[in-house]
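The values are calculated or read from the model by the stated rules, or taken from the named source; none is laboratory data. These numbers come from a predicted model, not from an experiment. When we count neighbours, we look across all protein chains shown, and the Cβ atoms used for this are built from the backbone with ideal geometry, even at glycine.
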Amino acid sequence: MTAIRFKLLIIFLVFFCSFFCARAQELNWTEVQPGIWKGQTGKVENYDLIKASGAEPFTEGLQKLPKTDFPIGKEAIKTQIIDGKTYLRLPLEKGEQIYGLGLNFQTIHQRGKVLRLHVDHFGGKDNGRTHAPVPFYVSSKGYGIFINTSRYIDIYVGTAVRKDSNHAGEAKDRNTDKAWTSRPYSDAVEILVAAQGLEFFVFSGPKPLDAIKRYNLFFGGGPLPPRWGLGFTQRVKSLYTAADVEKEVEEFKQKGYPLDFIGLEPGWQSKSYPCTFEWDKGRYPDPKSFVTGLLNKGVRLNLWTNPYISPDASFYQKILPFTGSHTVWSGVVPDLQTTQARDILFGQMQKDQVSLGVSGYKIDEVDGYDHYLWPDVATFPSGISAEQMRQTYGVLMQRYSTEMFKKLNQRTYGLVRASNAGANSFPYVIYDDYYNHEDFITALINSGYSGVLWTPEVRASKNPEEWLRRMQTVIFSPMAMINAWSSSTKPWSFPEVALQVKEMALLRMEMMPYWYSEFAKYHFEGLPPFRGMSLEDGFSAEAVKIKNKTNLEDNPYEEALTKEIKDQYMAGENLLVAPLFTGQKSRKVVLPKGKWYDFFTGAYAGDGEVITVEPGLDKIPVYVKDGGIIPMMKARLNAPRGNEKTDLEIRYYGTAPGKYTLYDDDGESYNYEKGQYSFREIQVALSGGVLKGSIADAPKGKPNTIGKIVFKQMTKP
């Protein structure tokens, strides 16, 4: 071989390996916010989850969190380019548990899982294909990791062992060694992304909940819904007419059931699947009068849609050049990364619906089913790949529909079938077509680890017991909703439990001051309003006492630890909710350390122990921390209107001195972003057995919607 040929061969081999061989990559680190570090390697793509969402950090909230050091060893974080893909390896200690990685329905613990994070409908198995495959996880060691890519992500959560691992272990003989296991200890989370570079973020704690707060605040904080969004909502049958809706609204009022917003399903449009985004003039001949009439009764309107444009839409030809190569149900897919498609689509929504007074949307079919959504070979005018569009389409719909209402200084609250990281601040709640009650509660718990909201909606039931049990859980969720698009069910559909359902629906309204304050903490502090027990102080393995023990093992708390706690959760700062499901007469509840009291009666329930409860059909087990304060208002059929004053009853539980921060603003506009809000501290204590309570004065020049206040001692001396 000549010298020239040899040199050419060397150059070729260097060039080949630079693109195709595995090679270690340098990691560059930057602290981008207090307690948040960005790691970057290789050539980072231009389109990612942060850019898709347009989210910006809520710096004021982040600066209030404790200062911390980098939470894990940087030297243990490794990156490589392998076959044109970026490989990321993060350390995983013994005894460390991983939470998050999207909206999972059946599992809380993610260690030992192999996932492909891919926007899709939930298909009955937690495998990463879900409505919100958020690439963020939080460790029981008190830190969080977010992978900022709009690609599908393969993630191995402590499932494989490298031969160069410091904890590789010894090979065991399965024939003779009883300690042999098919799942040897793995000391890493390994991630693979189909891109030649990657950006990711490390969030410090010191506690896991602190890492989640930082993550939420990094994306602007959680949403602050309007007060009416936290009331009660009914979605009516698909082909209802204006007269049908008006009749149903009147029935709610006459029967004394609360109602804050009505949801119209596909029949409001002249054509759907794909959609025209135009009113059906047969069913809704005068949309303006219809919407105005409902608003005058204190009822808002939410409209179902999907974003696939029918050839019969008046703006079809106009939007056609700005759509993807493939259709959905023979409707075109707007490329929401082009300003032209956005202006046309959301311009139509604003002109034909929002300008009439429509208050929100239910955005359907942006999640999955490969047989009808666009394939990964599809192309879009903006140049965004089909894969990346799939991962972010729900985020884009949330982003630009929210902006539409924000321009009018009107808050909205709606539903969406798909989301992802970055959408934390958007006022949308995820739902789907799945209908397993137990899994709905697991999803509600998981939502708190991933910066999304989820509703365990009610549709239909086989019997009165199931109906009431489902209704009890939606009351303690982000959206109290019956979705009757197919079943045409009403709250009173089962006369045997109609009174109990009404009591629960009215309880939702009574608790509005509490829910509103908890969502404010989500926005300003990053604290998820619904979250898993692992994030609660005092939830540890030290409790050994048992109350009402029936057929339990000697140490039921140990049993509880080895199994996932996926059927009880924290609702706001002070409440622990433990639902019962159809057929259950009793259940175990794991109480964290500290005294807990029954929400309904104020009676002592336990302290750091496992209790067995038999609440009967009429009650859902709910418990309040010692010193817990729950601000309530009188039951009413509609949420307070903007700046309307309401009287409060401050309920106090236990015997310990209590503090609570009550939030207040006008309840409808975005003026809180301009400082038009207040947090008022409530203090309650017992002095010689006598209840003493106080609330801070409303700051001058700030909204004040609080009328008369009374304090109520729930726990009897």
Would you mind finding the one in ARG183, ARG174, ARG162 that is surrounded by fewer than 18 Cβ atoms within 10 Å (Cβ to Cβ), among the basic types (Lys, Arg) and free of Cβ contacts under 8 Å to residues at least 12 places away in the same chain?
ARG174
Scan region 168-190 for residues that are of a type in the set (A, V, I, L, M, F, W, C) and either within 21 Å of LYS141 (Cβ to Cβ) or touching a Ser or Thr at 6+ places or on another chain (Cβ under 7 Å) (or both) and jot them down.
ALA188, VAL189
For region 85-108, does any single residue satisfy the condition of being over 30 Å from ASN436 (Cα atoms) and among the acidic types (Asp, Glu)?
yes
Which of the helices (runs of 4 or more DSSP H) contained wholly in region 285-354 include at least 2 residues that are surrounded by 19 or more Cβ atoms within 10 Å (Cβ to Cβ) and of a type in the set (A, V, I, L, M)?
287-296, 339-352
Just name the residue that is modelled with the highest pLDDT out of those in region 74-93 that are part of a loop (DSSP other than H, G, I, E, B) and within 30 Å of the chain's Cα centre (by Cα).
ILE77
Please find, among ASN409, ASN424, the residue that is over 30 Å from VAL577 (Cβ atoms) and of a type in the set (S, T, N, Q).
ASN409
Scanning region 568-595 for residues that are of a type in the set (A, V, I, L, M, F, W, C) and touching a Gly at 6+ places or on another chain (Cβ under 6 Å) gives LEU591
Can you tell me how many residues in region 197-221 are farther than 20 Å from THR30 by Cα and outside any helix (DSSP H, G or I)?
2
Residues LEU224, LEU239, LEU192: which one is touching a Leu at 6+ places or on another chain (Cβ under 9 Å) and either part of a helix (DSSP H, G or I) or of a type in the set (A, V, I, L, M) (or both)?
LEU192
Test: residue in region 253-263 that is over 22 Å from ALA480 (Cα atoms), modelled with pLDDT of 95 or more and outside any strand (DSSP E or B):
no
Give region 323-361 a look and list any residue that's free of Cβ contacts under 8 Å to residues at least 60 places away in the same chain, hydrophobic (A, V, I, L, M, F, W, C) and under 22 Å from ILE262 (Cβ atoms), or say none.
VAL354
Hits in region 30-48 (condition: farther than 12 Å from ILE147 by Cα and basic (Lys, Arg))
LYS43
Can you find even one residue in region 656-664 that is basic (Lys, Arg), closer than 16 Å to TYR516 by Cα and either surrounded by fewer than 19 Cβ atoms within 10 Å (Cβ to Cβ) or assigned by TED's automatic domain parsing to the domain that holds PRO258 (or both)?
no
Residue pairs, Cβ under 9 Å, 6 or more apart or interchain, first in region 51-63 and under 18 Å from SER204 (Cβ atoms) and part of a loop (DSSP other than H, G, I, E, B), second modelled with pLDDT of 95 or more and of a type in the set (Ser, Thr, Tyr). List them.
PHE58/SER425
Answer with yes or no whether ARG411 is surrounded by 23 or more Cβ atoms within 10 Å (Cβ to Cβ) and either farther than 24 Å from TYR47 by Cβ or out of contact with any Gly (no Cβ under 8 Å at 6 or more places or on another chain) (or both).
yes
Kindly establish whether ALA313 is at pLDDT 95 or above, touching a strand residue (DSSP E or B) at 6+ places or on another chain (Cβ under 6 Å) and in the same structural domain as ALA386 (by TED's automatic domain parsing).
no
Out of all the residues in region 123-141, which are within 20 Å of ASN436 (Cα to Cα), touching a residue at least 60 places away in the same chain (Cβ under 8 Å) and crowded, with 24+ Cβ neighbours inside 10 Å?
HIS131, ALA132, PRO133
For region 426-445, pairs from a residue that is farther than 23 Å from LEU217 by Cα to a residue that is modelled with pLDDT of 95 or more and in a strand (DSSP E or B), with Cβ under 6 Å and 6 or more apart or across chains, are TYR431/LEU415
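TYR137 - would you say it is closer than 24 Å to LEU527 by Cα and aromatic (Phe, Trp, Tyr)? Quick ask: steps written out before the conclusion?
Working: closer than 24 Å to LEU527 by Cα: yes; aromatic (Phe, Trp, Tyr): yes.
Yes.
Could you pull out the residue among ARG342, ARG390 that is in contact with a strand residue (DSSP E or B) (Cβ under 6 Å, 6 or more places away or on another chain) and closer than 22 Å to LYS51 by Cβ?
One residue alone meets the criteria, ARG390.
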Identity of the residue in region 143-189, of a type in the set (Val, Ile, Thr) and not in a loop (DSSP other than H, G, I, E, B), that ends up farthest from TYR99 (Cα to Cα):
ILE153
Name the residue that is surrounded by the fewest Cβ atoms within 10 Å (Cβ to Cβ), counting only residues in region 616-632 that are more than 26 Å from the chain's Cα centre (by Cα) and in contact (Cβ under 8 Å) with a residue 60 or more places away in the chain.
ASP618
Condition check for GLU668: in a loop (DSSP other than H, G, I, E, B), over 28 Å from GLY627 (Cα atoms) and not aromatic (Phe, Trp, Tyr):
yes
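May I ask you to list the residues in region 156-182 that are among the polar types (S, T, N, Q) and more than 19 Å from GLY112 (Cα to Cα)? Walk me through it before giving the result.
Narrowing region 156-182 to residues among the polar types (S, T, N, Q): 159, 165-166, 175-176, 181-182.
Residues satisfying the conditions are ASN175, THR176.
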